Each structure stands twice: as structure tokens, then as C-alpha cells.
2 protein chains.
Amino acid sequence: MKSILIKNALLITLDDNRPDHFYGDLLINNGLISEITETPNSIDPEKAMTVIDGTKLFVMPGLINTHGHAAMTLFRGYADDLPLQEWLEDKIWPIEEYLKAEDVYWGTMLAVAEMLKGGTTTFTDMYFFMDKVAEATAECGIRAVLSRGMIGFGDSAEKGLLETEQFIKDWHGSENSRINVFLGPHAPYTCPPEYLKKVMVLAEKTGRPLQIHLSETKKEVEESIQNFGKSPVEQVDELGLFNYPVTAAHCVHLSDRDIEILAENNVGVAHNPGSNLKLGSGTARLNNMLAKGINVGIGTDGAASNNNLDMIEEIRLVALLEKGIRMDATLIDAKTALKMATSMGAAALKIADIGILKEGLKADLIGIRHNKLHLTPLHNPLAHIVYAAAAADVEYVIVDGQLLLEKGRLTGIDEERVIFEASKHAKELVRAKNEKRDG
Amino acid sequence: MKSILIKNALLITLDDNRPDHFYGDLLINNGLISEITETPNSIDPEKAMTVIDGTKLFVMPGLINTHGHAAMTLFRGYADDLPLQEWLEDKIWPIEEYLKAEDVYWGTMLAVAEMLKGGTTTFTDMYFFMDKVAEATAECGIRAVLSRGMIGFGDSAEKGLLETEQFIKDWHGSENSRINVFLGPHAPYTCPPEYLKKVMVLAEKTGRPLQIHLSETKKEVEESIQNFGKSPVEQVDELGLFNYPVTAAHCVHLSDRDIEILAENNVGVAHNPGSNLKLGSGTARLNNMLAKGINVGIGTDGAASNNNLDMIEEIRLVALLEKGIRMDATLIDAKTALKMATSMGAAALKIADIGILKEGLKADLIGIRHNKLHLTPLHNPLAHIVYAAAAADVEYVIVDGQLLLEKGRLTGIDEERVIFEASKHAKELVRAKNEKRDG
């Protein structure tokens, strides 16, 4: 495997045993971080096959996107400014009916290419035709947590369980463990208790964690109270779901008791402020969750409700929103926001060996160019990344020790072809839906 | 003067008499838009000295930044995650004491260069050493509304009035009217009633509009009620300030009556959601203001509280925040958000001939490249700009018929020198402040 040396970079390791930022070198060997020095130009370049000049680069752990539906890039800008039910029932679900495996492949390629260019090194997905998502993930070199989305109604209920089990066998741990498979029951309101019990049996059998949408909207919570006499969090907790490792997406409308349950059971939370705002779902109780010690990662959600997969933008929104909503400028400082997007995201996804720059951990890291107008002057590197940087500033991305973005260019993805194919597949989907409507 | 033809572009004119978007050509002559066609490649290229290939470009009115303090770029990242009073009193004000004319010049150059690259064609400034700000504005080719900030206490009170009058004489209407000068009383809490009366006398004498910070924080409103028995809006209204054209910045904490007063008096509002969130000031009642017909423009505020001057980011925040806070996904649709950043911003700043692409209006416009991963597929151009685009996608900027950004490069500004000089001046300011502290 290739060895890479990054020389003379401004390192932001997010390791609490080191200074917040310092100039130094970082060496990668066999996919792992093998050496970090706090003196620039101190590691012998002869040690590495590839040397990257880190001058004017912030080098930090890769960003971890803890929630999304990658192939929904095909529906980016297809339906906006609509109430959630109209958006879902009149726009998204009807067009998703026409999705074929190849659409999902190109939609995922588009998503992964966009995410890599913006510094994301791990993404999370819950969708359909997951073999195609895994293929795209394998080809592109990115790290992923993938779930076949399961709905507990109708014919597809049983199929979801069978396909999930097969998907785990086929893909979990593959590509040098870059591909992680989770069970993906969609949500308590689409997975009745009897079905969730079957999902738990499969979790027991496979030993794999679960991801689930939880308490995304006020309506969902109200209906849960109406149907079960308890909140979605209480309901799945009483079923025993939290006896298994769980990453819960959204968690916008939580009671104090809900937050305690999540904390007691070490449930990871994927916080998606952009999507929660855009769909009118509301604003989560982020600071309360963090205060209870919950691992809260950051997610973009799908591009149909965001509308990009820009994690730096999402980090900024996390930090700004909480300050404004709670009217307290000290909440979610820059370092906390960066940890949420890296080490806390890794913890939320139950992955132990990424999220910090540290010897022995996996080499998932990014380089952000800072000799730019909007990052001048350089008073505080951490504040610059959170409050001023942009996806386009990301110039280097390394995942599992492989250089996937070099001087701002994707090394293994034909960007023009992805744009062409994704556009073509999106157009065909719209045409198919409109023909049905007009026919 | 130069003539420029943009051929085969995806035009977003924001003119209600035209389709939302269409492929066509746009011709510029003598600083004005002279022809728009709804058929691509229909204007004879021989008519223009410069021809821009608009293929894969969105072409729309330039963005209008209605509130800021340009030279505060020098303090970008200097103080973050602090309570407003500590931020101001321990960090910003003490370092501002050391500001010299040359600092303001280079801080403004940095701001203007950053703004142009992100598609801003008009910016608003309230600061000190305004001759230097006007010089930088004149050199860079951008359009501006400039005010010498006036504080009504101490020695500087009288000086502020005199310098404002001189500044109007020296600069208002210069550079083919690119430079507009407003009176800039800082805020009701820094300008006592007797002082505001003097400002109004000067407004009467010069015929120039005013800009003022208004109801930015809850504390400001509470203190106004304590001191005057009325809100800041009611207080300045009763003084007669709104008998003059006014642009009010922030307006975060408004009563229903305040909103009525602003609407009745055609007060323009500069809405700064990013700064309001970051400083913990809160969230404005945007939809209520728009419902009453108030012209609400968008502002970045200074880079010490934002921390960039990225108007596309700010447009997105405007649209997302209102949906999430009010839990209604239909609020501030993409077109409304774009109008706020262009035509409504122009109206808020009392400038009649910019903000729409229309024959006879000034040629202030931008081109945004859309054959990019994060803008694929192309379902809806307006939604893409608001919800997915980035400052780095802006490739062309034309102000007053002059091409200031071409293929993403500034035509008249030495970017590297600006980064070098601004960094140097910022460093010297920090050194001066620390020497005082340690001395």
C-alpha cells in the first residue's frame, strides 16, 4: 500500500491530548496514520512514496456525514418550498416508484463525488437497490455506513428483512472494512411494533447496529402519543430497540425524558439542521442532547431536502443555529462543532478507528487551502473552518490511506461523466412520472 | 465605454414581466442593459466588443449586500463564541482603537475582493476612515452605499456630523454614481435624541437617506422601554427620523406595532440572519415584515460576526431559517429569497436602477456556472441558486457595465497582494493591542 507524507501543514487533530492546532508533519502507511510531529518538515521525505506540500493547508480528520439518502441527488431541486406531506406524497414518493438500479448507481456516484470534493470521507445511506450503492462506494474509495431501508407494511416488509440479511453477508466489512452495513428500519411510523421485533431478531442474529428516523416532525410525535400513549423514543425503547446499538436520525422533537432515554442507552444521534429547517420540521434541542453526553453527529440528509451535501455548510449551520435559537453566543463553539462532524460522528456511527488524527487510527483526512480571501487573516484556524470556509476550499481528501482528491481534482471519478449520466437518469425519471400522470 | 454580449445563457431576470428563467442573450452598452432576448444566440456578436459564452451559466442580477462593516474583515476569526458584550467590549472595541486609515483601506480591499468573487455587486458600509473606503470602492469598480458611522457621545459626536457632510460633498454620486453616501447614525442607544435631531437637520440639508442599527438585541429593546417608555422603533419614529428615507439594519426584536411603523414609513430593512444567529441576538420576524410589504434586503454584517461575506450563503440561510423557525416549508420560496437579495435590497437602499435584469437599468449582473456536481441535475435554476450553489460557482461579475470577474478571476484586483497586506495589517493591530495590554 502507498505511503503518503504531508509536510508542513497546519494540523487540527481534534485529539484532546494535543494543542488545538500546530504546524507539523503527518505520515500515512498501510492505510493508517503512522506518525504525527509537532515540528514542521521533521519527517524524512524518503519515508514516503508520495509527498504533499501542506503549506497553507489546514489538515484535519475527514468529515463524517451521519445521515442521508445518497441517490436522492437525482431529485435535487425537483420539489422545493412545499409542505412536507405534499413534498413526499405528490412529488418524492411518486417519482421514486420509477427508480431502477442504474438510477440509484448514478445518483449515488453523483452524491459521493460531491461529498468527496467537499471533504466528506464517510457517508451514511438508507435507500433501495443497495448493491448498487455498495458498488459505487467500493469504486469511489469513500467509507460508508449503508442500510437497505425497511418498511414494515405490505409485500415489501418480509423482502426488506431478507434483502438486509443478504446485503450484510455480501458487503459488510468488505473493501478493507470501508463498507459497514447497518439494519435500516425506516421509522416507528412505517415499522409497526411486530415488524420492529423481527428487525431486532435480525440484529441479534447479525450483530449489526441499526439506523432509524426518530421524532423528525411534531406530527409524528403527536400521532405516536395518540396511537401508543407515548413518544416515538419511549415507544421503541419499551420494545427493546435500544438493547441494540442504534443511530437515530433527526430527533427534532424530544421531551426531557426522551433525551434521558437516548443518553442512558448510548443512542447516537444524526443531527440534520438544514433538512429540518427546509422541510419546516423545526429545530432540535442540540445543546440539551450534548449536555447529557449524547454523541451527536451531523448529517446532510438527502439532496431533495437540503439541497446539497456540503458538510462544511452543515457544520456552520449547527454552530450558528443553536446560538441564535437559544440566544447564547457561547453555545456550540468552533471546536465542538468540528468534533460533532468528526469524532462525535464516528461515535454516533459506532466506528472506533476514525474521526481523530492519531497514530494507529485509519488515515481518513482532508486538506483545506487557507490562503484565500475569505480565510484571511489567520487569527483562528478552527473558527475559520466552522464560520468562513467553503466546500470548494477542500483540496485533498484521503480515505483509508488512498488519495481520492488531489489539488481539488477527483483522482478516481470521471466528474463530467457523472454529471452527464446523473442528468440523463434524472430526466428519464421525470419523463416516466409525467407520462404516467398525463397518460 | 465597453459593450458586452452574453450569449446563450440561462437568464434569471427577476422581472415579473418575464418567465422565471429562459435561455437567451443579454447585451450591455454604456453601462446599461440595452437588450435582452428570449431566444439564445439571437443577438449579433458584431454588436459587442466583448462576447461571453453564457452556456452553462445562470445569469442574474448582482447580489446587493445591504448591511456591513467591510474593514472588519481584519477581525475575521479574532473573537468568536463569546457573549455579545464581551465580544464588543473586551475584543472588538479595544482593537478598533488602534485602527488607522491604511488598515481600513486594506480591510476594505479584502472585503470588496471577497464580495466580488461571491457575486456581490453592491455593498453597504458603516465605518471609520471612510475616505479610504471610498478610495477602495472607486478602485475596485464595485457599487456601494457608504456611511461615516456617527456616535452621539463625547468629542466625536460633532466631528461625526462635520465629517459626514464633507464625505457627502467629496464622494456622493462620484464614479458615475457608483458611490452613494448615506448618513450613518450608529443606533438609538449610541445616538441620544438631541443628537439624532442634529442628524435629521443634516439629512434635510443634504437630501441623503440614513442607515441605522435598530432593535438588534432584546437588551436594546428592554433598555429603550426602560429609558423612553417605548421601543427603539417607536422612539426614533416619534423623533421624526422616518420623515427621512431610512434603511434599518437587523430589526430582530420587533412588536406588531414596530412592524406597522416600519411599513407605514417605507423603512427599508437589512436582514442579517447569520450575524444575528452568531452573536446570539435571535431570529427576526421576517415573514411578518414581508407580509406588511416592507422591503427587506439581505446583509452579511461585518466579517467579525459572520465570518464571511458570502451572500449566497446568506440567501440560503434567509430561506431555510424562516421555514424552520415557523415550521412552515412554504415560507420564503426560492424566488422571494432571490428578490430579497436583489430587487428588494435595491429598494431597501433607495436605489431605483439596479436589482433586475431589464433594458435601461444599470448593468450590474453575475454569471454562475451550473455544470457542477452539486448543481446537477438541473430541475430548477432558482432553487439551485438558493439551496445548492456556492460563492465559488460565481464566474462572472459585471458592475456598471465593467467586467470585474472573468472566468472566476478578478480583473482589477491583485488578490495575492490583498491577502498579504490585509494579513500584515491585522497582525500589527493584534500586536499593538497586546503590547498595550501587557505593557
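The values are calculated or read from the model by the stated rules, or taken from the named source; none is laboratory data. Keep in mind that this is a model prediction, so the values were computed, not measured. In this analysis, Cβ positions are derived from the backbone assuming ideal geometry, glycine residues included, and neighbour counts consider all displayed protein chains. Surface areas here come from the heavy atoms of the whole protein model, side chains and all, with no ligands, DNA or RNA. Shrake-Rupley method; radii C 1.70, N 1.55, O 1.52, S 1.80 Å.
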On the accessible surface of the protein assembly as shown, probed at 1.4 Å, how many percent belong to carbon and sulfur atoms? 48 percent
In region A:3-131, taking the dipole from +1 charges on Lys and Arg beta carbons and -1 charges on Asp and Glu beta carbons about the Cα centre, the listed residue (A:130, A:3, A:62) farthest towards the positive end is A:3
The size of the Cβ-based charge dipole (Lys, Arg +1; Asp, Glu -1) of chain B about the Cα centre, to the nearest 20 debye, is 440 debye
Rounded tilt (10° steps) of A:156-171 against the dominant C-alpha axis of chain A: 20 degrees
Which aspartates and glutamates, on any chain, are close to residue B:169 with Cα under 18 Å apart, when same-chain ones fewer than 8 places away are left out? B:125, B:131, B:135, B:158, B:204
Would you please name the trypsin sites (Lys or Arg not before Pro) within region A:158-218 that are DSSP coil residues with at most 14 other C-beta atoms within 10 Å of their C-beta? none
Of B:300, B:275, B:317, which is farthest along the charge dipole of region B:230-344 in the positive direction, counting Lys and Arg as +1 and Asp and Glu as -1 at C-beta? B:317
Calculated FRET value between residue A:257 and residue A:434, using beta carbons and R₀ = 56 Å, to 0.05: 0.75
With +1 on each Lys and Arg Cβ and -1 on each Asp and Glu Cβ, and nothing else charged, work out how big the dipole of region A:288-439 is about its Cα centre, in Debye to the nearest 20. 300 debye
Tail fraction, Cα-Cα pairs, region B:63-348, threshold 28 Å, whole percent: 30 percent
From the phi angles alone, apply the Karplus equation (6.51, -1.76, 1.60; θ = phi - 60°) to region B:360-366 and give each ³J(HN,Hα) in whole Hz, x where the residue is Gly or Pro. x, 8, 5, 8, 10, 8, 9
Hey, what's region B:63-348 come to in accessible area per residue, 1.4 Å probe, Å²? 30 Å²
Roughly how big is the B-A contact, given as buried accessible area in Å² (both sides, 1.4 Å probe, nearest 100)? 4500 Å²
For region B:1-146: rounded, prolate or oblate by the Cα gyration tensor [a/c cutoff 1.5]: prolate
Across peptide A:363-373, what mean number of C-beta atoms from other chains lies inside 10 Å of a residue's C-beta? 3
In debye to the nearest 20, how big a dipole does the protein assembly as shown give about its Cα centre with +1 on each Lys and Arg Cβ and -1 on each Asp and Glu Cβ? 420 debye
Nearest 10, in degrees from 0 to 90: the angle of helix A:415-438 to the longest Cα principal axis of chain A is 10 degrees
What's the angle, to the nearest 10 degrees (0 to 90), between helix A:193-206's Cα axis and the longest principal axis of chain A? 40 degrees
Using DSSP to define loop residues, name the GluC sites (Glu not before Pro) in region A:1-99 whose beta-carbon has at most 14 other beta-carbon atoms within 10 Å. A:38, A:97
Determine the percent antiparallel among the DSSP beta bridges restricted to the protein assembly as shown, to the nearest 5. 45 percent
Cross-link pairs beyond the 21 Å C-alpha cut-off, checked among A:197/A:230; B:278/B:372; A:197/A:218: B:278/B:372; A:197/A:218
Do any chymotrypsin sites (Phe, Trp or Tyr not before Pro) in region A:147-204 lie in a loop, going by DSSP, with at most 12 other beta-carbon atoms within 10 Å of their beta carbon, and if so which? A:153
Per the 1/(1 + (r/R0)^6) rule, R0 = 45 Å and r from the Cβ atoms of residue A:158 and residue A:51, FRET efficiency to 0.05 is 0.25
Within 10 Å of each Cβ of B:379-388, how many other protein chain Cβ atoms are there on average? 6
Charge tally in the Cβ shell below 13 Å around residue A:419, where Lys, Arg are +1 and Asp, Glu are -1, residue A:419 excluded: +3
Semi-axes a, b, c in Å (a largest) for region A:292-414, each sqrt of 5 times a Cα gyration tensor eigenvalue, come to 23, 19, 16
What average number of partner chain Cβ atoms lie no more than 10 Å from the Cβ of the residues making up A:306-317? 4
Mean separation of Cα contacts under 8 Å (at least 6 apart) over the residue count of chain B, i.e. the relative contact order in percent, is 21 percent
Summing -39500 (n - 2.57) over every DSSP H run of at least 4 in the protein assembly as shown, dividing by its residue total and rounding to the nearest 500, the 222 nm mean residue ellipticity is -11000 deg cm²/dmol
